[in-house]
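Below is one structure, written out as structure tokens; the observations come after it.
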Amino acid sequence: MPTVDDQLLAGTQSVSCELDGGLVRFSGITPRDLSGDVCAQMRDALTIVDQRLSELGIDRTSVLMVHIWLSNMTLFQGMTAEWNNWVGDLAPPSRSCVSGTPVLPGALLELEVLALLPAAPVKLVEIERYGLVRGPGRPTMCLALRCGDWFTVCTLASDTSQDIVGQTGQVLSVFDDLMREASVARSASCKLEIWLRDISDFDAVSDVLKDWFAPGAMPAVTVVGANMAGSDMLIEIRLTATLKG
């Protein structure tokens, strides 16, 4: 049974990193057993997540956001089935998933996790979720989540027959609706993570974003070329905001 060498695993999986507001981030979570299919590897990776959370005295109910790098989007449904089993009937976190190549040969996926620590000033019951998604074949998640002064929203376009400008506009329209519901202003945005099927589309996306934000108010932007779950999905965006100050 091929497994990941402990030294290599330790070199790729970060120790927990505590952030402002009582948040903790884990990155580089990959399965230890690389012999299985995507379902087995996802179960293994989520078991590691549970272990890492337990070490901090918390569990999966404290998870706020998960980002998944999937080696091939043909594996999306199998991975999502395991994800839905893991979330179960719990209040779901925000989730994003795009294609990417894990650093460990043979790994089919890699996870990044953000969770709330016990000593945080915000309690679990105070977390606000917006745009809940559930149903057969769909990932159990929320599109947006507010935890005290921290807010995140992530989505794709629903009408994928449109071009990159149209799909970007759809995403920002959903952002407007959910940010309004959560009482979060565009000016509170501090970070955009953009995944593009065709990286050459960024100039067109940038023009749409410049029109959406006030002059000089564009937050930090990260752009990566990646595939989404559907071949006609051209863009996925995650916006992070902080309401301090």
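So here's what we get for this one:
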item: Residue list for region 134-156, filter: aliphatic (A, V, I, L, M) and open to solvent by 10 Å² or more (accessible area, probe 1.4 Å); result: Met141, Leu143, Leu156
item: When residues of region 92-104 are limited to those that are outside any strand (DSSP E or B) and touching a residue at least 40 places away in the same chain (Cβ under 8 Å), the one surrounded by the fewest Cβ atoms within 10 Å (Cβ to Cβ); result: Val103
item: Test: residue in region 94-105 that is in contact with a Lys or Arg (Cβ under 7 Å, 6 or more places away or on another chain) and within 20 Å of Leu75 (Cβ to Cβ); result: yes
item: Which listed residue is in contact with a Gly (Cβ under 7 Å, 6 or more places away or on another chain) and among the hydrophobic types (A, V, I, L, M, F, W, C), from Leu143, Leu132; result: Leu143
item: Matching entry among Val133, Val122 (being modelled with pLDDT under 95 and of a type outside the set (Ser, Thr, Tyr)); result: Val122
item: Scan of region 211-245 for residues that are within 16 Å of the chain's Cα centre (by Cα), assigned to a strand (DSSP E or B) and of a type in the set (A, V, I, L, M, F, W, C), ordered by number; result: Val221, Val223, Val224, Ile235, Ile237, Leu239, Ala241
item: Filtered residues of region 187-217 (kept if buried (at least 17 other Cβ atoms within 10 Å of the Cβ) and of a type in the set (D, E, K, R)); result: Glu193, Arg197, Asp201
item: Hey, Trp69 assigned to a strand (DSSP E or B), closer than 21 Å to Arg238 by Cβ, hydrophobic (A, V, I, L, M, F, W, C) and in contact (Cβ under 8 Å) with a residue 12 or more places away in the chain or not; result: yes
item: All positions within region 30-65 that are within 13 Å of Val113 (Cα to Cα), in a helix (DSSP H, G or I) and of a type in the set (A, V, I, L, M); result: Ala45, Leu46, Ile48, Val49, Leu53
item: Pick from region 24-47, criterion open to solvent by 10 Å² or more (accessible area, probe 1.4 Å) and in contact with a strand residue (DSSP E or B) (Cβ under 6 Å, 6 or more places away or on another chain), ranking: farthest from Thr80 (Cα to Cα); result: Arg25
item: Search result, residues across region 108-125 that are within 20 Å of the chain's Cα centre (by Cα) and either closer than 22 Å to Thr240 by Cα or open to solvent by 10 Å² or more (accessible area, probe 1.4 Å) (or both); result: Leu108, Glu110, Leu111, Glu112, Val113, Leu114, Ala115, Leu116, Leu117, Leu124
item: Of residues in region 48-79 being open to solvent by 50 Å² or more (accessible area, probe 1.4 Å) and hydrophobic (A, V, I, L, M, F, W, C), the one nearest to Val103 (Cα to Cα); result: Trp69
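The values are calculated or read from the model by the stated rules, or taken from the named source; none is laboratory data. Predicted model, so just to flag it, every value in this text is computed and none were measured. Here Cβ is always computed from backbone atoms with ideal geometry, including for glycine, and neighbour counts include all displayed protein chains. When the accessible area is computed, the model is the full protein with side chains, heavy atoms only, and any ligands, DNA or RNA have been set aside. Shrake-Rupley method; radii C 1.70, N 1.55, O 1.52, S 1.80 Å.
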